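Shown next, in structure tokens, is the structure this report addresses.
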Amino acid sequence: MEYNPKEIEAKWQNYWNENGSFEPLNDLKKEKKYILSMFPYPSGRIHMGHVRNYCLGDAFARYFRKADFNVLHPIGWDSFGMPAENAAIKHKLHPKKWTYENIDYMRDELKALGLSFSTKREFATSDELYTRWEQEFIIKMYEAGLLYRKSTIVNWCEPCHTVLANEQVEEGCCWRCDTPVEQKEMPGYYIAITKYAQELLDDLKTLEGQWPSQVLTMQENWIGRSEGLEFSFELSKESRYKLDKQFASYKVFTTRPDTIYGVSYSALAPEHPIVKYIVENKLLPDSKIEAIKAMQKVSERDRATMPKEGISLEIDVIHPLTAKKIPVWVANFVLSSYGGGAVMAVPAHDQRDFEFAREYNLPIKQVIVGPDGIIEKMSEAYTGEGELIDSESFTGHKNTKAKKSIMYHFEQNSLGTKQINFKLRDWGVSRQRYWGAPIPFVHCDSCGLVPEKTENLPIALPEDVEITGEGNPLDNHPTWKKCKCPKCGKDAIRETDTLDTFVQSSWYFLRYATNPQKWTKEGISKPDSDYWMDVDQYIGGIEHAILHLLYARFFTKVLNDLGYTNSREPFKKLLTQGMVLKDGAKMSKSKGNVVDPDLIVEKYGADTARMFILFAAPPTKELEWNDSAVDGAFRFIKRFTDRSSNVTENAVKNFKEIEHKTLNKEEKEARRKVYEALQKSNDVFNKTYAFNTLIAASMEAMNALQVQNNELVWAEGYYILTNILEPIIPHLCWELSDKLFNKENFNNKIEIKDEVFEQDSIILAVTINGKKRCEIEVSPNASKDEILSIAKEHSAKWLEGNEIIKEIVVPNKLVNLVIKG
């Protein structure tokens with residue numbers, strides 16, 4: 001048979017499509033597997049990262065179908081988002097038209113790879129039917145106290161009159177007009193993910209061994225649970241008067257109460273209410289006010305990478321234990337989103353505080369002494385353990401124990417309380433742009449903020465908009481935002497913010513799990529969810545290890561609490577694939593190192609592209625593009641096709657009756673290699689994910705088959721190899737299986753035959769004083785004495801005239817003879 005990839009691939013892709021070969025069954029009693037790859041953004045063309053992600057998922061789906069599971073393997077499109085609006089500005093094309101044309105193009109590209117997706121469950125998150133249910137969830141979350149509205153600091157471009165996402169801010173300027181971006185306070189919507197912080201942290205334990213440990217650690221660090229002390233710094237009398245008696249104190253949180261006697265200053269975030277009051281009322285010299293305003297214009301993210309900067313606020317607070325005055329500064333390293341936006345600064349024992357103190361010549365007071373004693377002139381903060389000094393009654397205590405005793409002292413004297421804090425912040429979901437799901441609320445002068453009635457959902461986007469990049473198109477639309485209050489019926493204004501696209505990707509897997517026949521009546525079908533969830537295997541890039549996975553876990557828990565699903569964690573197993581590189585760098589258009597998957601498919605065929613992408617590296621590692629390796633994959637596939645002519649019709653009828661004991665050495669070796677590949681297949685799909693080792697084992701099996709001439713062994717080999725290679729090179733394997741076996745080997749489970757692993761002889765290395773000298777072939781049942789006798793006979797020339805002082809036999813591996821001298 002001649003290998004013609006275009007003909008074979010077109011034939012079987014049409015067959016799969018016409019026969020609905022990859023649709024899950026409606027039998028909810030059959031054992032299931034839910035295989036899911038993270039869905040793509042419809043950017044216009046697929047790249048090699050897409051190819052790797054979806055070929056991995058497809059391999060799992062095909063393997064488990066042949067293993068007689070009911071398999072759900074869906075695809076969809078994460079279709080809302082900023083790139084569509086950017087394209088609309090650049091190409092004068094409506095975002096919806098741009099998006100759905102891209103979807104059509106990319107769907108054909110993915111189809112050309114022979115990916116076994118369910119076509120009936122495909123959807124785009126910008127479909128109004130998807131938005132309808134998402135808006136219902138948002139309303140339910142609002143009613144449950146899990147969504148609220150508050151003022152927040154945003155990136156603001158005045159010339160464009162619009163809010164910018166962090167990605168649109170380039171070196172502190174608007175990506176479009178290059179104007180410096182301001183930090184502006186505006187109202188926005190927040191989801192109270194912090195209410196689930198502890199559960200999100202605790203449930204990571206249930207994923208141990210199923211998710212990469214690196215991802216679990218990243219999630220744990222992002223949630224950032226810390227125990228510490230919360231207390232108030234009372235403002236001095238003079239400072240209270242300076243602030244017009246508007247403030248008497250402010251709270252701070254610390255995880256290091258053992259260092260409290262080393263506090264030499266306190267620092268506030270630029271957004272702290274006291275700082276804002278000072279600026280608004282000009283309670284400092286103009287130069288300082290302007291400097292603080294400049295600091296406030298820089299985002300927290302950018303401030304984190306800047307040198308330490310601060311300004312004295314010319315006020316003091318009172319140390320809660322020593323009653324001494326402590327100066328208060330505003331500092332760019334203090335985050336308003338953590339611990340109330342205020343810190344007690346201990347420069348001797350915190351490097352960040354140390355750098356700031358050294359910059360502004362503030363006192364540095366050591367209160368913990370380590371093995372090196374008191375450090376006269378510190379070059380850096382001492383953060384190790386030791387004994388307390390200059391700490392009143394706690395002097396001499398180990399600092400690790402003093403943490404608890406000082407905290408206890410604060411609580412007993414009503415000075416402060418033990419607190420648990422999380423770095424995790426509530427999730428801001430407001431976006432001031434057009435191409436997103438409208439937030440389903442109405443602003444009424446009489447009723448305030450009112451959720452839309454469920455029967456009025458979805459709140460759909462108007463299509464008669466012009467995307468200019470200046471302001472929010474929904475806010476600028478002449479009629480869309482005008483509506484009636486759902487509560488009182490009076491004239492009202494519809495919310496013009498749209499939802500963060502992370503919201504859509506936080507529940508899409510539950511939508512796939514619902515039978516499409518129910519999509520108009522249910523957002524999530526609980527019986528379907530109970531059957532399909534949790535996702536058995538999730539595949540995606542490591543870049544989504546924090547936010548997407550965290551939000552998906554959170555949404556699953558919320559939808560469980562709201563009664564939509566019984567699932568509590570969305571993904572049982574997680575595989576994070578590595579990036580595809582070329583010339584040592586991630587593929588990108590800007591670097592000019594992109595490899596177009598379409599060209600690979602056109603030149604070599606989809607099966608070659610699939611085999612290369614799965615063979616070139618373990619899936620979790622980075623993959624370096626290699627043109628010669630692509631050629632190598634093609635040559636193997638062609639050889640596999642050519643050698644199929646060795647499978648005769650007579651052998652197909654009789655190979656199941658092979659008598660292993662009657663075979664010669666080469667024939668037995670060939671069978672052993674084939675069954676080793678079968679074993680490897682089961683191991684790879686259920687444990688290791690190392691597809692490269694499965695392909696290598698299949699290549700070894702082919703080489704072993706070529707050394708022998710038994711037509712029954714050839715037939716059995718192809719019966720097994722076309723089965724185990726089908727998840728990797730499906731088009732050719734369906735063609736060969738159909739021609740040779742009437743696809744029988746895809747419908748019946750192939751059992752491992754122990755007889756093929758029974759060896760007539762084994763090869764042992766012989767070493768003398770640890771140096772390998774020769775190899776011997778012995779019976780697997782040979783005694784130690786027999787093995788030693790044969791070993792000595794074959795290594796006689798190295799033993800001659802020497803006394804053997806030790807004889808070691810390592811079963812199935814080697815013989816080591818130790819001689820004098």
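Details
- The slack in the chain from residue 743 to residue 392, taken as 0.36 nm per residue of separation less the alpha-carbon distance, amounts to 118.0 nm.
- Rg ratio for region 745-821: its Cα radius of gyration over 2.2 N^0.38 Å, N being its residue count, equals 1.52.
- Between region 554-626 and region 29-93, the C-alpha centres lie 9 angstrom from each other.
- Residue-wise HN-Hα coupling along region 616-623, computed from phi with Karplus coefficients 6.51, -1.76, 1.60 (Hz; x: Gly, Pro): 5, 6, x, x, 7, 9, 5, 10
- Length gained when the stretch residue 195-residue 352 is fully extended (0.36 nm per residue, less Cα-Cα span): 53.6 nm
- Measuring r between the beta carbons of residue 453 and residue 151 and using R0 = 30 Å, the FRET efficiency lands at 0.65.
- Measuring between their Cα centroids, region 217-264 and region 797-821 lie 72 Å from each other.
- Lysine pairs meeting the criterion (Cα under 23 Å, 8 or more apart or interchain), as found in region 22-173: 17
- Measuring how big region 254-365 is from its alpha-carbon positions, Rg and Dmax come out at 13.4, 39 Å.
- Cβ charges +1 (Lys, Arg) and -1 (Asp, Glu), total dipole of the chain, debye: 1000 debye
- Above 25 Å, the calculated P(r) of region 311-422 contains 27 percent of its Cα-Cα pairs.
- Enclosed volume per residue, in Å³, of the convex hull spanned by Cα atoms of region 169-328: 191 Å³
- Top positive-direction residue, dipole computed over the chain with Cβ charges, set 761, 691, 330: 330
- Cα-based reach from residue 251 at 13 Å (exclusive), listing aspartates and glutamates while leaving out same-chain residues under 8 positions away: 230, 234
- Label-point gap, in nm, between residue 218 and residue 45 - each point 7 angstrom along Cα→Cβ: 2.7 nm
- Those GluC sites (Glu not before Pro) in region 1-68 that DSSP places in a loop and that have at most 16 other beta carbons within 10 Å: 2, 31
- What separates the Cα centres of region 684-740 and region 386-434 is a distance of 61 Å.
- Rg/Rg_globular for region 608-721, with Rg_globular taken as 2.2 N^0.38 Å and Rg from C-alpha atoms: 1.15
- Residue 157 sits among other residues whose Cβ lies under 13 Å from its own Cβ, and their net charge, with Lys and Arg +1 and Asp and Glu -1, is -1.
- Loop GluC sites (Glu not before Pro), region 347-424 (other Cβ atoms within 10 Å of the site Cβ: 11 or fewer; DSSP): 376, 380
- Remark: relative contact order (the chain) = 14 percent; criterion is Cα-Cα distance under 8 angstrom and separation of 6 or more residues.
- Length-normalised contact order of region 620-710 in % [C-alpha pairs under 8 Å, at least 6 apart]: 32 percent
- Farthest toward the positive end of the dipole of the chain, out of 714, 232, 655, is the Cα of 232, where the dipole comes from beta carbon charges about the Cα centre.
- Tensor-based shape of the chain (alpha-carbon gyration tensor, a/c under 1.5 rounded, otherwise prolate or oblate): oblate
- q = 0.11, 0.14 Å⁻¹, region 689-821: log10 I(q)/I(0) [Debye, one scatterer per Cα]: -0.62, -0.76
- Viscosity 1.002 mPa s, 20 °C: Kirkwood-radius Stokes-Einstein D of region 440-501 over Cα pairs, µm²/s: 172 µm²/s
- Annotation: amide H of residue 152 within the under-5 Å range of 186, 188, sequence separation 5 or more or interchain, hydrogens built in the peptide plane.
- Most simply put, region 762-819 has about 75% antiparallel DSSP beta bridges, counting only bridges with both residues inside it.
- Compactness relative to 2.2 N^0.38 Å, alpha carbon Rg of region 76-167: 1.43
- Greater than 29 Å apart at Cα, pairs in 668/813; 482/518; 184/423: 482/518
- Loop-located trypsin sites (Lys or Arg not before Pro) in region 756-821 (DSSP state other than H, G, I, E, B) with a sparse environment of at most 13 neighbouring Cβ atoms within 10 Å: 813, 820.
- Long-range amide H partners of residue 348 with built H, under 5 Å: 365
- Cβ-based charge dipole, the chain, positive-most Cα from 344, 12, 816: 344
- MRE, 222 nm, helices only [DSSP H, n ≥ 4, -39500 (n - 2.57), over the chain, to nearest 500]: -11000 deg cm²/dmol
Values in this text are rule-based calculations from the coordinates and carry no lab data. These figures come from a predicted structure and were not determined experimentally. Cβ coordinates were reconstructed from backbone atoms using ideal geometry, including for glycine residues, and neighbour counts include every protein chain displayed.
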